[in-house]
Amino acid sequence: MVKRARLRLTSVLATMVTALLLGAWSVPADDEEASVPQIEDWAASMSGPGDNMTGEVTEALARLERAQIARSIGAYEWDFEKRALILHVAKGSAVDIGQMAALLPAVKWEVAADEFPAESLREAANQVAREGNIGDVPVSWAAAKIDGTGLRVALLAQAGSIDEESMREQIASVIGSRFGVEFVYEASGASLIDRQHHTEPYIGGALITTRSGGYLSSCSSGFAIVQDGAPTSKTAMLTADHCGEEGTTWVSGRYVDSPYFGTGQSTATGGADIRMLTGDVKYYGANFAGGPTSNSAVWVKGYSVPLVGQSVCMNGSQSGAVCINTITDGPVSLNAHDSSGTVHTYTNAYRSL
């Protein structure tokens, strides 16, 4: 899964609104003497506390997301202690309990009636994030609270250093509403900073680079997709939008003579931090696993709808697989700075700690 590419590991998971399910696969090592770690080894060493979700829950959630009834659900949440799926809907909304039960036959679930519609809160969060600053205080990200009571806004400031009531007044003037606002304080925001080289077929979680004006920019490949088209469909690779614009040419590895990887295309993503790469090359539906120098990989086996409380693995070319994170907020509207200092605001991101 695309795991924020060049975003710092402690901040935000900027990705599509899907989480990938993975199964074992192995990539031949470039060096015959190189050690190829087994999937079981790195999974055991990297695993976190887990979210006690079963495969049945993941599959049921995917069925629910594809159903018409999903339109009435504002947000999903996994309750670790209850081992239950919490479905958030706006107060007063009609919910077809019979259809819900049919879609979730072997899953414990509850419906929570939220004070405000999730869509209204997300629009407000997006407005706040796009402001960039509230007064003279930078905004790192903003999101609807999972319980539907208001917003969570992350400020790049020290706790206790600002007048929170005054800040709430200023936010109300931006969004034209008196939603409740909870503040989160961060020492630094998302930073767009710079597996290391492989050849076709290309897979996700690998180092890709581009050169512009003598400077080398690095990023990570995300995961392969199939782009529908006529007369035939073709494969493509996803990466992060903040990595490069439409037309940017990427290579596999960091050298001048590294092989061509793909070119950035115009990508309709609804504001998410996603960019599609295509080229006359092969992309396979697998992702590197393990550490930054690993030669092992896993097949993409399916997908899951991300939800607050779910455990996730982040997988980047510089970090490797890091599986100690739990989704805390989402969808999030995220502000991130590129190497030129330009601020980009992305929606449909998920934050994890």
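The values are calculated or read from the model by the stated rules, or taken from the named source; none is laboratory data. Predicted, not measured: the structure shown is a model, and the values here were computed from it. In this analysis, Cβ positions are derived from the backbone assuming ideal geometry, glycine residues included, and neighbour counts consider all displayed protein chains. For the accessible areas, the whole protein counts, side chains as well, though only heavy atoms, and no ligand, DNA or RNA atoms are used. Shrake-Rupley method; radii C 1.70, N 1.55, O 1.52, S 1.80 Å.
Filter segment 310-353 down to residues that are of a type in the set (Ser, Thr, Tyr) and modelled with pLDDT under 80 and give me whichever is surrounded by the fewest Cβ atoms within 10 Å (Cβ to Cβ).
So the residue we want is Ser340.
Give the number of residues within segment 243-282 that are closer than 22 Å to Gly213 by Cα and assigned to a loop (DSSP other than H, G, I, E, B).
Final tally of qualifying residues: 12.
Test Ser93 against the criterion of being open to solvent by 20 Å² or more (accessible area, probe 1.4 Å), of a type in the set (S, T, N, Q) and touching a Ser or Thr at 6+ places or on another chain (Cβ under 6 Å), and give yes or no.
Against the criterion (open to solvent by 20 Å² or more (accessible area, probe 1.4 Å), of a type in the set (S, T, N, Q) and touching a Ser or Thr at 6+ places or on another chain (Cβ under 6 Å)), Ser93 qualifies.
Go through the residues of segment 188-195 one by one and say whether even a single one is open to solvent by less than 30 Å² (accessible area, probe 1.4 Å), under 30 Å from Phe116 (Cα atoms) and modelled with pLDDT under 90.
Within segment 188-195 (the criterion being open to solvent by less than 30 Å² (accessible area, probe 1.4 Å), under 30 Å from Phe116 (Cα atoms) and modelled with pLDDT under 90), the answer is yes, since at least one residue qualifies.
Between a first residue in segment 300-318 that is at positive phi and a second residue that is outside any loop (DSSP other than H, G, I, E, B) and surrounded by 21 or more Cβ atoms within 10 Å (Cβ to Cβ), which pairs have beta carbons less than 6 Å apart while being 6 or more apart in sequence or on different chains?
Matching pairs, first to second residue: Gly309/Trp78.
Go through segment 79-99 and report how many residues are of a type in the set (A, V, I, L, M, F, W, C), modelled with pLDDT of 85 or more and under 15 Å from Thr58 (Cα atoms).
Quick first cut of segment 79-99, residues of a type in the set (A, V, I, L, M, F, W, C) only: 80, 84-87, 89-90, 94-95, 97.
Those left that are additionally modelled with pLDDT of 85 or more: 84-87, 89-90, 97.
Subset that is under 15 Å from Thr58 (Cα atoms): 84-87.
Going through segment 79-99 one residue at a time, the tally reaches 4.
Anything in segment 155-171 that is surrounded by 17 or more Cβ atoms within 10 Å (Cβ to Cβ) and either modelled with pLDDT under 90 or basic (Lys, Arg) (or both)? List them, or say none.
Scanning segment 155-171 gives a single hit, Arg168.
Does any residue of segment 204-215 turn out to be buried (at least 23 other Cβ atoms within 10 Å of the Cβ), touching an Asp or Glu at 6+ places or on another chain (Cβ under 8 Å) and modelled with pLDDT of 85 or more?
The answer is no; no qualifying residue exists.
Looking at Ile39 and the list (1) under 19 Å from the mean Cα position of the chain (by Cα); (2) modelled with pLDDT under 50; (3) open to solvent by less than 50 Å² (accessible area, probe 1.4 Å), which single condition is not satisfied?
Status for Ile39: all satisfied but (1).
Residue under question is Gly285, and the condition is that it be open to solvent by less than 10 Å² (accessible area, probe 1.4 Å), small (Gly, Ala, Ser) and either in a loop (DSSP other than H, G, I, E, B) or over 16 Å from Ile208 (Cβ atoms) (or both); does it hold? Steps first, answer last, please.
Numbers: open to solvent by less than 10 Å² (accessible area, probe 1.4 Å): no; small (Gly, Ala, Ser): yes; either in a loop (DSSP other than H, G, I, E, B) or over 16 Å from Ile208 (Cβ atoms) (or both): yes.
No: the conditions fail for Gly285.
Considering only residues that are open to solvent by 30 Å² or more (accessible area, probe 1.4 Å) and under 17 Å from the mean Cα position of the chain (by Cα), which ones fall in segment 288-309?
Across segment 288-309, the qualifying residues are Val300, Tyr303.
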